[in-house]
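Undergrad: This structure is in structure tokens; I'll ask about it shortly.
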Amino acid sequence: MQDNSITISVYETAVEYIKAGWAVIPVHGIVEDNHCTCGRYPCDRDNRTAGKHPVKGGWTSGLSMSLPDAYSAWMEDGPHWNIGIRTGNISGFFALDVEADGLEELAQLEATHGSLPRTRIHGTGAGGRHYLFKMPGLDVRNNAKKLSGHIDIRGTGGMIVAPPST
């Protein structure tokens, strides 16, 4: 049985993100026993992508989701789906994606090089953080595992899973 209050909360939040100009996409969610709504378990070799991969292919080049699309996605098709946001120029921001294991490393980098500028921060499902920064007028691309094993950049062609996703 679905908890309709959770569905409405996710839908309403997706609408707020769309109104902010962010390119929202439906992402598979987590249901009982840590299973992904894609139906595979484990969802990849070690279940690390469970609840955080797009529902449909072609998401990197499609148009931004409209408000009626969001209603259909969360209120009709996928009440357990999470919210993905495409990063980069399409949404106007890139994300510094810091895994939980990278938080101490980020603190050391800040102690050495100075604090990050004030910005919006989202907690992640695995205990990390997404630091959202406005695009700087040049194309910021994805940069996975090049900064460190626990700190990535999600830019053009990438996405993050946003609150209140599970």
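Undergrad: For a bin width of 5 Å, list the pair-distance distribution of the stretch 22-109 built from all Cα-Cα distances, rounded to whole %.
TA: Result, from short to long distances: 3, 13, 19, 19, 18, 16, 8, 4, 1, 0 percent.
Undergrad: So which trypsin sites (Lys or Arg not before Pro) in the stretch 56-121 pass both tests, a DSSP loop state and at most 14 other Cβ atoms within 10 Å of the Cβ?
TA: On the way: sites: Lys56, Arg86, Arg118, Arg120; in loops: Lys56, Arg118.
Answer in residue order: Lys56, Arg118.
Undergrad: Further question on the same structure: How big is the stretch 1-70 on each of its three principal axes, counting only the C-alpha atoms and giving the largest first in Å?
TA: That works out to 35, 31, 15 Å along the principal axes.
Undergrad: With +1 on the Cβ of every Lys and Arg and -1 on the Cβ of every Asp and Glu, and nothing else charged, how large is the dipole of the chain about its Cα centre, in debye rounded to the nearest 20?
TA: Details: 15 positive and 18 negative charges, 116 e Å.
In total the dipole reaches around 560 debye.
Undergrad: From the Cα trace of the stretch 66-106, what convex hull volume per residue do you get, rounded to a whole Å³?
TA: In the stretch 66-106, the Cα hull volume divided by residue count equals 86 Å³.
Undergrad: Now, a different point. Using the eigenvalues of the Cα gyration tensor, what equivalent ellipsoid semi-axes result for the stretch 85-148 when each is taken as the square root of five times the eigenvalue, whole Å, largest first?
TA: The answer is 20, 14, 12 Å, longest axis first.
Undergrad: Moving on to the next point. Once both labels are modelled 7 Å past Cα along the beta-carbon direction, what's the Arg40-Thr112 spacing in nm?
TA: Label-label distance for Arg40 and Thr112, simple model: 3.7 nm.
Undergrad: Then there is this: Just need the relative contact order of the chain here, percent rounded to a whole number, with Cα pairs under 8 Å and 6+ apart.
TA: Relative CO of the chain lands at 26 percent.
Undergrad: Tell me, what is the per residue accessible area of the stretch 118-159 in Å², probe radius 1.4 Å?
TA: On a per-residue basis, 60 Å².
Undergrad: Semi-axes of the equivalent ellipsoid of the stretch 1-159: what are they in whole Å, largest first, if each equals the square root of 5 times a C-alpha gyration tensor eigenvalue?
TA: 27, 19, 14
Undergrad: Give the long-range amide H neighbours of Phe93: residues separated by 5 or more places, or on another chain, with amide H under 5 Å away, using H modelled in the peptide plane at 1.01 Å from N.
TA: Amide H neighbours of Phe93, under 5 Å, 5+ apart: Gly88, Met135.
Undergrad: Let me ask something additional. So in the chain, what percent of DSSP beta bridges are antiparallel if you round to the nearest 5?
TA: Numbers: 28 of 29 bridges.
Here the antiparallel bridges make up roughly 95 percent for the chain.
Undergrad: Same structure, new question: Placing +1 on the Cβ of each Lys and Arg and -1 on the Cβ of each Asp and Glu in the chain, which of Val31, Ala111, Gly125 has its Cα farthest towards the positive end of the resulting dipole?
TA: Going by the Cα projections, it comes out as Ala111.
The values are calculated or read from the model by the stated rules, or taken from the named source; none is laboratory data. All values reported here derive from a predicted model rather than from experimental measurement. Reconstructed Cβ throughout: ideal geometry from the backbone, glycine too, with neighbour counts over all protein chains shown. For the accessible areas, the whole protein counts, side chains as well, though only heavy atoms, and no ligand, DNA or RNA atoms are used. Shrake-Rupley method; radii C 1.70, N 1.55, O 1.52, S 1.80 Å.
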